[in-house]
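Working notes, structure below.
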Amino acid sequence: MNDSTWGAPPHTGHTGQTGYWGPADQGHTDRGSVQGAVPAGPAYDAQDAPHTRPMPIVPDVSAHGGDQDDDRGAARLSGPLFRDENPDPMPDAPQPTPAPQKKSAGRDLGAAIGVGVGLGAVIIASLFVVKAVFVGVIAVAVVVGLWELTSRLQERKEIKAPLVPLAVGGAAMVVAGYVRGAEGAWVAMALTALAVLVWRMTDPPEGYLKDVTAGVFAAFYVPFLATFVAMMLTADDGPWRVLTFLILTVVSDTGAYAVGWRFGKHKLAPRISPGKTREGLFGAVAFAMVAGALCLQFLIDDGAWWQGLLLGLAVAASATLGDLGESMIKRDLGIKDMGTLLPGHGGIMDRLDSLLPTAPVVWLLLELFVGSG
């Protein structure tokens, strides 16, 4: 999920104005005057010029730059020689009360809901009609996600992770996991990493280490984790297991958003994702545990409600960590979204952030609770 989906309103900094402050040894000036200006006294004498300090040059804009430092205003002069455009108010004058700000999700909710419903329809239709079609859907999502990730790495960090071996190996990894299980997934992962190492040798050696490191990371982060969804599908009740996985992840994100938007006050990880709150995390846990109990009781063969409670708790934790993990990546890259393919959502990777790390967790717990099917 994106940073804005946990509901806490972004902090609005107060924009101030700063003036130029000259050397400290030039004496004290009256309130509102410019420090560093020539003190009042006799008329200027050219003979004293070598013994006087020049008037400091006042920059036209703040020394801190432009839009990225919106908490500092442009430099200005004030005092008896300059007109103060915004004089300080009288101490006793009543101050206007700022208008209350409305909480905003920061997204086009109409577009987001429409795209979400459309994706859900495609997933459900392919999941319960022909399993192989759903495997193809996973492979397509993996390839698009790899394209988004490698494109952002090259644009923002000049890291050239080779896309061709990643895309081919990633799609093969998903198919291998469906056909051969965990063993096939690991073999495909190893071969994909080897292909990345060899493919990058066709370019100059400068940056080789960072490029192949990013390539191996991308292979593990996107297709290898997605392979566990295909592995869930191989069970007799595979479609219901995948549906349970999707429901719990979506419900966890929805609970975090709803509770965090309404009650969120305490930041969860402000340096990573300022929009996420502790209240939102509690909402994710509560919603996912209830949904887990219902899904294990009614959708999964031989499942029990108490197993669903544990599964829901694990999903809420893994989905939150996955969301924070991609937020770390996007903070490092200096971007808000990984792409623009899905209106109201961002890119494919912005939808896979909580799903990818949750897939192996759900696969493993279902194997422990009800077996391989």
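Take A125, project a point 7 Å from its Cα along the Cβ direction, then tell me which residues of the range 225-239 have their backbone nitrogen under 17 Å from it.
Output list for this probe position: empty.
What number does the range 237-373 give for Rg over Rh if you use C-alpha atoms and the Kirkwood radius?
Radius of gyration relative to Kirkwood radius: 1.00.
Less than 10 Å Cβ to Cβ from G373, Lys/Arg counted +1 and Asp/Glu -1: what total charge do the surrounding residues give? The partial results should precede the final answer.
Values: positive: R241; negative: D236, D237, D301, D302, E367.
Net charge in that neighbourhood comes out at -4.
For L268, enumerate residues with amide H under 5 Å from its amide H, sequence gap 5+ or separate chain, H modeled in the peptide plane.
K276, T277, R278
Residue separation times 0.36 nm, minus the C-alpha to C-alpha distance between V198 and F263: what's the value? Present the calculation step by step, with values, prior to reporting the outcome.
On the way: separation 65, 0.36 × 65 = 23.40 nm, distance 5.17 nm.
Taking 0.36 nm per residue and subtracting the Cα distance, the gain is 18.2 nm.
If you bin every alpha carbon distance in the range 185-230 into 10 Å steps from zero, what whole percent lands in each bin?
27, 50, 19, 3
Under the rule a/c < 1.5 gives rounded, and otherwise a/b versus b/c splits prolate from oblate, where does the range 107-234 land using the Cα gyration tensor?
Details: a/c = 3.21, a/b = 1.38, b/c = 2.33.
Here the range 107-234 falls in the oblate category.
How would you order 122-129, 311-318, 230-237 from highest to lowest mean count of nearby Cβ atoms within 10 Å? Spell out each step's value before the answer.
On the way: 122-129: 15.0, 311-318: 23.6, 230-237: 20.6.
Ranking, from highest mean packing down: 311-318, 230-237, 122-129.
Using 0.36 nm per residue, how much length does the chain from V290 to I113 gain when fully extended, once their Cα-Cα distance is taken away? List each step's numbers first, then the result.
Values: separation 177, 0.36 × 177 = 63.72 nm, distance 2.29 nm.
Separation in residues times 0.36 nm, less the Cα-Cα distance, equals 61.4 nm.
With respect to the cross-link table entries K157/K336; K160/K330; K157/K210; K157/K330; K160/K210; K160/K336, which display a Cα-Cα separation exceeding 19 Å?
Working: K157/K336 15 Å; K160/K330 17 Å; K157/K210 10 Å; K157/K330 12 Å; K160/K210 8 Å; K160/K336 21 Å.
With Cα atoms farther than 19 Å apart: K160/K336.
Can you pull the one-decimal nm distance between simple spin-label points at T213 and D301, each 7 Å off the Cα toward Cβ?
About 4.7 nm, to one decimal.
Using Cβ contacts closer than 10 Å as the measure, can you line up W186, W147 from fewest to most?
W186, W147
Read the figures in this text as sums done on the coordinates, not as results from a lab. The structure presented is a predicted model; accordingly, all values stated were derived computationally and were not measured. Methodologically, a virtual Cβ is constructed for each residue, glycine included, from the backbone with ideal geometry; neighbour enumeration extends over all protein chains shown.
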